[in-house]
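Scroll down for the structure; my scribbles are underneath it.
The values are calculated or read from the model by the stated rules, or taken from the named source; none is laboratory data. Treat the numbers as computed from the prediction; the structure is a model and nothing was measured. FYI the Cβ positions are ideal-geometry reconstructions off the backbone, even for glycines, and counts take in every protein chain you see. The protein model used for the area step is the full one, side chains on, heavy atoms only, and it has no ligands, DNA or RNA in it. Shrake-Rupley method; radii C 1.70, N 1.55, O 1.52, S 1.80 Å.
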Amino acid sequence: MSRTRTALLAALALVAGASGTALAVAPGDAGIAAVPCTVDYKVQNQWDTGFTAAVTITNNSAAKSSWSLKWSYAGNQKVTSGWNAKISQSGTAVTAANESYNGTLGTGGSASFGFQGTYSGTNAVPATFTLDGVTCNVDGGGPTDPGPTDPGTPGTKVDNPYAGAKVYVNPEWSAKAAAEPGGSRISNQPTAVWLDRIAAINGVNGGMGLRAHLDKALEQKGSGELVVQLVIYNLPGRDCAALASNGELGATEIDKYKTQYIDPIAAILADPKYASLRIVNTVEIDSLPNLVTNVSPRATATANCDTMKANGNYIKGVGYALNKLGDAPNVYNYVDAGHHGWLGWDDNFSASVQTIKQAATAEGATLSDVQGFITNTANYSALKEQNFTINDSVNGKSVRESKWVDWNRYTDELSYAQAFRQEAVNQGFASGVGMLIDTSRNGWGGTARPTGPGATTDVDTYVNGGRIDRRIHVGNWCNQAGAGLGERPKANPAAGIDAYVWIKPPGESDGASSAIPNDEGKGFDRMCDPTYTGNPRNNNNMSGALPNAPLAGHWFSAQFQELMKNAYPAL
């Protein structure tokens, strides 16, 4: 596609700056009045049947509290999804109107939005744009002609964003880790930034907000590639089966989730300033699997999960997030896929993929908005059980019959993640879809780590004596005693696995050991109480939790020290 400009635009010496906006000369320059508005329309990425485009409008007339931009295509282009604007199309005519958060457009002010579309044949830049009925001048162009001062636009998504890239080290977590005795051994490891409430977008209690992290990431990037890991985690009625991680939004507040949480995040991620970063989103952990395992008529059902299945707001929320965040070429969405000790059973496994697919095709999302899936987020399941396999048997009894495995199809996270990926492909996700595994706390090293198989007295002795995962029950999830740091983050560690990652920052609590009043929406979950004797979800076993833990997300020094002590590989 060639770059096109109107004659007047060239006469006014408009230039496309690094931000992609078009700048008109001020009134009085060379005796010529400024045009009322300018439009910078760039095709960022184009393939055989589709394209993405970025549009920036600059208002040179009176300030506006809302705006509407219109254009028509000469060809058969169709807008399929958009971000940072409400975009509709009738025939060849397209209208893009402001969102609630970007309607103000002062004199000289700019607003940017983007979209994805389809086409066949040619994909010409529209000839005319009108802003609130007034014709604007146009700066339109494509990726083959970035313009005299434009540094270029991001290309297509890569197959694995972690390949050949550094990963962002969160300076806030790094400082806490370095302050611990011995913590400097791991304080340079990359961990994720958790956006677990609306306030986190701008920073909580003087801490760094999303823009501050992305700015710091640009500093860390240097001349190479860099991945920034974000956790998108604030669904209405969040974590319906666990009280410790309940969120700020009520079960029905889906509109607030969209407009006050996802939309502002999407606006920041779409800023051209951050186009050189590879941004990886872990999308809504511990949400969709609850719609499979913790709803009626199952014994593990909760009233809150029944409510969220009935109102559909988990499906709508995840779909909206995937749609809004997934189209930008430098943003990669990985949807939470639980862990083997949650979804590895026959009646959970395939149904969970189906539920994720339902969300990935809701609210305008498509399967192409999903780069992959992540397992074991903030959990403790062993990466690889080396001392027994699912196919072993003892005295005629299969390992699946042991109390620990309990008829699960998988014994560890690596085998589960690889199988989950294949099932997703079988159900229609792209053949190149990838997996991440959170290895931040699943090392299980130290003196309790077995060095070989258990005795073959019976199948339970064999499994319990040899298992790497030393939890009392595979359903235990809160501040587990004896856990250790797992594999350090790395790309392409195994077939089908894009990376091992530390999404849960080691040293941040899973939940308080006792009730603590707070304004963060976090309840007291007895699974975080070391004296708790359990529930149907952990087969009524002791919780295995560490004592004296603070609220979820708060620094837990004793846990951090235990994780380092039991790290595997050892520090």
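Couple of notes before you dig in:
- Of Asn540, Thr52, Leu210, farthest towards positive along the dipole that unit charges on Lys, Arg, Asp, Glu beta carbons give the chain: Thr52
- When segment 328-404 is reduced to its Cα atoms, the Kirkwood hydrodynamic radius in Å: 15.1
- Listed pairs Lys357/Lys504; Lys86/Lys316; Lys504/Lys565; Lys64/Lys273; Lys166/Lys273; Lys176/Lys258 exceeding 23 Å between Cα atoms: Lys357/Lys504; Lys64/Lys273; Lys176/Lys258
- Percent of Cα-Cα distances greater than 11 Å, calculated over segment 271-319: 71
- Legend: P(r) of segment 191-347 from all alpha carbon pair distances, 5 Å bins from 0, whole percents, reading 2, 9, 18, 20, 18, 13, 10, 6, 3, 1, 0.
- Structure-based [θ]222 nm, the chain - -39500 (n - 2.57) summed over DSSP H runs of at least 4, per residue, nearest 500: -5500 deg cm²/dmol
- Inter-centroid distance (Cα atoms) of segment 496-514 relative to segment 535-550, Å: 17
- Taking Cα centre as origin and charging only the Cβ of basic (Lys, Arg, +1) and acidic (Asp, Glu, -1) residues, the dipole magnitude of the chain rounds to 300 debye.
- Rounded Å value of the spacing that divides the Cα centres of segment 347-393 and segment 29-96: 39
- Measuring nothing but how far apart in sequence close Cα pairs (under 8 Å, 6+ apart) lie, relative to its length, the chain scores a relative contact order of 11 percent.
- Angstrom value of the Kirkwood radius, inverse mean 1/r, which spans all Cα pairs in the chain: 25.2
- Ratio of Rg to Rh over segment 417-571 (Cα coordinates, Kirkwood Rh, two decimals): 1.01
- Taking a straight line from the alpha carbon of Lys157, these aspartates and glutamates sit under 12 Å away, with near neighbours fewer than eight places off in the same chain left out: Asp327, Asp369.
- Rounded, prolate or oblate (a/c below 1.5 giving rounded, otherwise prolate when a/b exceeds b/c) for segment 435-516 by Cα gyration tensor: oblate
- Under 15 Å, Cβ to Cβ, from Gln418 - net charge with Lys/Arg +1 and Asp/Glu -1: -2
- Note on segment 416-483 and segment 177-199: Cα centroid distance 24 Å, given to the nearest whole angstrom.
- Accessible area (Å², per residue) of the chain, counting only protein heavy atoms and a probe of 1.4 Å: 37
- For segment 444-559, the relative contact order is 25 percent, taking Cα pairs closer than 8 Å that sit 6 or more residues apart in sequence and dividing their mean separation by the residue count.
- The chain, accessible surface, carbon-and-sulfur percent (1.4 angstrom probe): 52
- Summarising the label geometry, the points placed 7 Å from Cα in the beta-carbon direction at Asn426 and Thr92 lie 4.8 nm from one another.
- Segment 479-533: Rg to Rh, with Rh as the Kirkwood radius over Cα pairs: 1.12
- Rounded, prolate or oblate (a/c below 1.5 giving rounded, otherwise prolate when a/b exceeds b/c) for segment 503-570 by Cα gyration tensor: oblate
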